[in-house]
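The values are calculated or read from the model by the stated rules, or taken from the named source; none is laboratory data. Just so it is clear, the structure is predicted and the values come from calculations on it, not from any experiment. Ideal geometry is used to build each Cβ from the backbone, glycine not excepted, and the neighbour counts take in all protein chains shown.
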Amino acid sequence: MAARTKLRQRIERWPSLTVRGYGFLAASIALYIVAPILGQREIAFAASAALALPLLSLVLVSVRHPKLTVVRRFDPETASAGTDCEVSLAIQNWGMAPTPAANWCDDAASPVHRSALAPLPALPAFRSLETDKPRVTTVRYLIESPRRGQHSIGPLWIRFGDPFGLAARRLSVGGTDTLTVTPDVETLTRGSFRLPSGDGQAMQSRRPAASGEQDVIARKYQTGDSIRRVHWPATARHSELMVRQDDQHTDHEAVIVLDTRLESFSNTAGRRVADSHSEAFEWAVSMAVSIGLHLQHEGYRTVLVESPETTAPRTAEYAAGAAAELLLRGARARLDAGHPPLAVRDIVADAGRVSGELAPLFAVLGDIDAESVDALRRSAATASSALAFVVHDAATRSTVPAWAERLRDDLVQAGWVVRLVSPDEAPSSAWESDPAGVLR
């Protein structure tokens, strides 16, 4: 694919005749045929002139090399799936001659579409004795970000011709830039997460204390504390940022497992790894990131675990309020092949050691293998609660695949709460339909 793209770009850089140029060429051939028949030498001279003009135009566009540079900027820098992003191109002409009449378009890799062909304003010549830098000409266009991921935008293509309009050439300017598109996330229902206390017996609500309580003990702010826990009266008294000590759960962690193995989503992917795209996996990423943002809003440190690459899982911990980093992680998530089982028991156990309480465990899964099922069974024993969303490609509830029902039964026996969902169901709807009240 890359070799074909490079070959196509090389061919597009070659000068070519326009419709007018081919018309001149056809006219010259016709005149050469007619000249001996009519016995008119003047017609042969006209044919030679008609043939020389297109050839001269090809030479002119071949030897002309405008010295252009471009700087590409995105607004916003990180787009959200399904929204538009404005692309600004700052173009400068470093040559000693102004640019000819030209058109431009900005290339893009699938699934993003290249921009429409548009006229490029004439770029003035660069006078090094007058200015340090050439004048900047800015052109803009809107680009739709249809799908989550990191997409290559560029290079910029400039198409210019000769003064007669007989030949044209395409020139590639600059390189490519990466447009990061974060997954489509939804706001999930806010509720009280019930966690075990330090001795593992009683259950305590994570709702913060009322703002009017008088027995609040304040301590100095530490990195990772939620800004919602700031105690403003104590901050004013001590002239430094103070947080409420009465909240014993600001150091709680939650673990989210995102299945990123191609084999798990082969029912909807069904392609080579390089070309794979699964609606079920896109839903899984959206759900995992939505859960992570919701947990951060509730004051949790979230640990996002992706399927392991070799022997160790890809993990990242995000403090409360680190929404941007979590969204970027979701944008970079991809399907990969050849992953070992989803063994996260040690990760879940480590997440609860800081606070002395078991951490809640969430998983968004596809069609996982038997070893991963056994690993998740053991992981549930180290969590305060375990909730799994199993994504399948069935259109209706009556056509749920057998593997999804078997997976649900196996996980339920191990203490998981399991929800079977399809990509057509909104993440917020799947979250609110929690059958066991784990989420509230």
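Of note:
- Within the stretch 364-405, the set of residues being within 20 Å of Ser278 (Cα to Cα) and exposed (fewer than 14 other Cβ atoms within 10 Å of the Cβ) comprises Ala395, Thr396, Arg397, Thr399, Ala402.
- Any hit, the stretch 302-322, residues being at pLDDT 85 or above and part of a loop (DSSP other than H, G, I, E, B): no
- Test: residue in the stretch 55-62 that is among the β-branched types (Val, Ile, Thr), in contact (Cβ under 8 Å) with a residue 12 or more places away in the chain and within 15 Å of Asp162 (Cα to Cα): yes
- Scope the stretch 369-414; condition in contact with a Pro (Cβ under 8 Å, 6 or more places away or on another chain), of a type in the set (A, V, I, L, M, F, W, C) and outside any helix (DSSP H, G or I); matching residues: Ala383, Ala386, Leu387, Val391, Ala394
- The stretch 118-154, residues that are within 33 Å of the chain's Cα centre (by Cα) and over 24 Å from Thr83 (Cβ atoms): Pro119, Leu120, Pro121, Val136, Thr137
- Boolean, Ala97 is surrounded by fewer than 17 Cβ atoms within 10 Å (Cβ to Cβ) and closer than 30 Å to Thr131 by Cβ: yes
- Only a single criterion out of (1) within 23 Å of the chain's Cα centre (by Cα); (2) modelled with pLDDT of 80 or more; (3) not in a loop (DSSP other than H, G, I, E, B) is not satisfied by Arg334, namely (3).
- Among the residues listed as Ala79, Ala35, Ala47, Ala102, the single one being free of Cβ contacts under 8 Å to residues at least 60 places away in the same chain, of a type outside the set (Val, Ile, Thr), surrounded by 13 or more Cβ atoms within 10 Å (Cβ to Cβ) and in contact with a Ser or Thr (Cβ under 6 Å, 6 or more places away or on another chain): Ala47
- Taken over the stretch 130-156, residues that are in contact (Cβ under 8 Å) with a residue 40 or more places away in the chain and either of a type in the set (S, T, N, Q) or surrounded by 18 or more Cβ atoms within 10 Å (Cβ to Cβ) (or both) amount to 15.
- Flag for Arg170 being part of a strand (DSSP E or B), among the charged types (D, E, K, R) and surrounded by 13 or more Cβ atoms within 10 Å (Cβ to Cβ): yes
- Odd one out for Phe74 among (1) closer than 30 Å to Glu186 by Cα; (2) surrounded by fewer than 14 Cβ atoms within 10 Å (Cβ to Cβ): (2)
- If you check Val438, Val354 for being modelled with pLDDT under 90 and in contact with a Ser or Thr (Cβ under 7 Å, 6 or more places away or on another chain), only one passes: Val438.
- Flag if Leu195 is at pLDDT below 90 and outside any loop (DSSP other than H, G, I, E, B): yes
- Checking Arg127, Arg114 one by one, the residue that is among the basic types (Lys, Arg) and either surrounded by 12 or more Cβ atoms within 10 Å (Cβ to Cβ) or touching an Asp or Glu at 6+ places or on another chain (Cβ under 7 Å) (or both) is Arg114 and no other.
- Residue within the stretch 254-264 that is modelled with pLDDT of 90 or more, part of a loop (DSSP other than H, G, I, E, B) and either surrounded by 24 or more Cβ atoms within 10 Å (Cβ to Cβ) or in the same structural domain as Arg147 (by TED's automatic domain parsing) (or both) present: yes
- Hey, Pro163 assigned by TED's automatic domain parsing to the domain that holds Asp75 and part of a strand (DSSP E or B) or not: no
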